[in-house]
Each structure stands twice: as C-alpha cells, then as structure tokens.
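Working notes, structure below.
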Amino acid sequence: MQSELLRESQSRSPREDSLESSQERLRPSRSRTDCPILLSPRLVLRAPHEDDIDALAHLANNANIATMVSRMPHPYTVADAADFVRRTKTGAIGKCVYAITKADNGAFLGCCGIEPHPDGKTAELGYWLGEPHWNKGYATEAAQALTDMAFRTRDIDQIDARCRVMNVASRRVIQKCGFQFQGSGMVGSLALGGMMSVEWYRLDRKTWMSLRSWGGLR
Ligand SMILES: CC(C)(COP(=O)(O)OP(=O)(O)OC[C@H]1O[C@@H](n2cnc3c(N)ncnc32)[C@H](O)[C@@H]1OP(=O)(O)O)[C@@H](O)C(=O)NCCC(=O)NCCS
C-alpha cells in the first residue's frame, strides 16, 4: 500500500501538485459564519444600516422589483425599510445580507445576500437593484463578489440562484456568473400574493474554480 502511495505521488506532475494546492486554498478547512465587507471594482458590499432607510424605501417601492423577488412587500414603506434594516441586524432575514453601494460616493443601490441551506452544502444567492441603476453591470459585479466570498470562506459545494421565467435580466446575470440551468419550479411571492414560476440555476465549486483559473469570471 505504501509503495502504491509512493508511486502515485512520484507519478504526479508539478501541474497536478499546483492544482491540488490551489484547490486546498480555495476550499477552507472550516466554515465561517461572518460576512466580511466585500470590495469590487465599482462597489462596496456592506451590512445595511439606518442611513440606508430612506434610499431603500424609495428604491424598493417598485412593483418591477417586488414582483421579481419572493419576500419583498409592495407597496414598500419607510417602516418596511426600517424593519428590514432592524431584522438584518438580528439575523432574522438571513445570515449574510448586504447593501450594494457605490465605491466612489457611497450611494445605496440595492441589496444582495447569500443564505445557507439546511443541508450545509448549498447556499442561495439573491439580489435586487434600484431601477435607475439597472443595466450598468452592477448586479453581475455584486453577484460575482458574493459568489467568490462564499466559495472562499465556506465549506459549501454549490450555490443556487432562482429567477422568474420572465426575468430576462436576472437570468443573464446568473448566466454571466457561470451558473447552469437545473430545472424549473414554483416559488411564493409576497408582492404577487401567490406562486410564481421560476428557473433554478446552480454553480458548483468545481465549475467556479475552473472559471476562476481560466479567467472566465471578471
Ligand atoms: C435583475 C437585476 C438585479 C439586474 O441588475 P443589473 O445591474 O441591471 O444587471 P447587469 O447590468 O449586471 O446585467 C443585466 C444583463 O441583462 C441584460 N438585459 C436586461 N434587460 C434585458 C432585456 N429586456 N432583454 C435582454 N437582455 C436584458 C443586460 O443587457 C445585461 O446583459 P449584458 O451585460 O450581457 O448586456 C435588476 O434588473 C433588478 O433588480 N430587477 C428586479 C429585481 C430582480 O429581478 N432581482 C433578481 C431576482 S431573481
């Protein structure tokens, strides 16, 4: 047995060794529950706070947003925004909810988050941006920063994302981040007061690592 192991290790190429050490670096040995501030070229992702309430209430009070996500009420009031900020602090909404802000002037643009599933191996990605900020690449930039953070700091195997079948922009964000189609299903929507049909996408760790090492993401 020992000689078999020895033979195996002797037959490994430097490239295989370097691939394995980079895989070990990319897969942490233990889970972390903290949510560090994330920086990307144009954005800072940080915890929502009280100063965001007015901008949050203003941007989130939009049926074009509320009807695309599962848990946003519509209409959306200042009280809803204050409640949201309060509940992000207690962890009642999710363990890792971020305000998406502009790096150059601190402007609040929207929110994103990554939530662990009970299986311990999967996390779910979500995001929305105020309508004035659409189509500038911000959601893709935020989703990629969150995805990188999640795979680097958590012992998860995959990240899931879901979007309404009619949500062309979100599907494009998901695809630009390297997620692959898994299937379709139904999810409840607070604003719609019923179920909406969604597409389910997944990015597994191996695909993410390949995309990162090929420079296929960002
Ligand atoms: C989905 C959402 C977050 C996208 O944010 P964004 O910052 O505009 O996204 P990006 O700019 O990174 O990418 C959007 C992509 O969709 C494309 N797109 C947008 N509208 C489109 C349309 N009607 N038809 C075709 N493509 C469209 C853009 O061209 C862009 O793709 P490209 O970079 O290849 O040109 C934003 O539209 C939003 O908040 N919508 C409401 C809430 C929501 O849907 N949240 C997601 C729930 S799953």
Q.
Beyond a 23 Å Cα-Cα separation, which of these cross-linked pairs lie in this structure: Lys136/Lys206; Lys102/Lys206; Lys89/Lys206; Lys121/Lys206?
A. Lys136/Lys206; Lys102/Lys206; Lys89/Lys206
Q: Could you run the Karplus curve 6.51 cos²θ - 1.76 cosθ + 1.60 with θ = phi - 60° over the range 130-139 and give me ³J(HN,Hα) per residue in whole Hz, x for Gly and Pro?
A: x, 4, x, 9, 6, 6, 10, x, 5, 5
**Q.** For the range 118-126, 3J(HN,Hα) per residue [Karplus equation, 6.51 cos²θ - 1.76 cosθ + 1.60, θ = phi - 60°, Hz, x = Gly/Pro]
**A.** x, 5, x, 10, 10, 10, 10, 9, x
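Any read-out appearing in this document is the output of simple, stated calculations on the displayed coordinates, not a laboratory observation. This structure is a prediction, so every number in the text was calculated from the model and none was measured.
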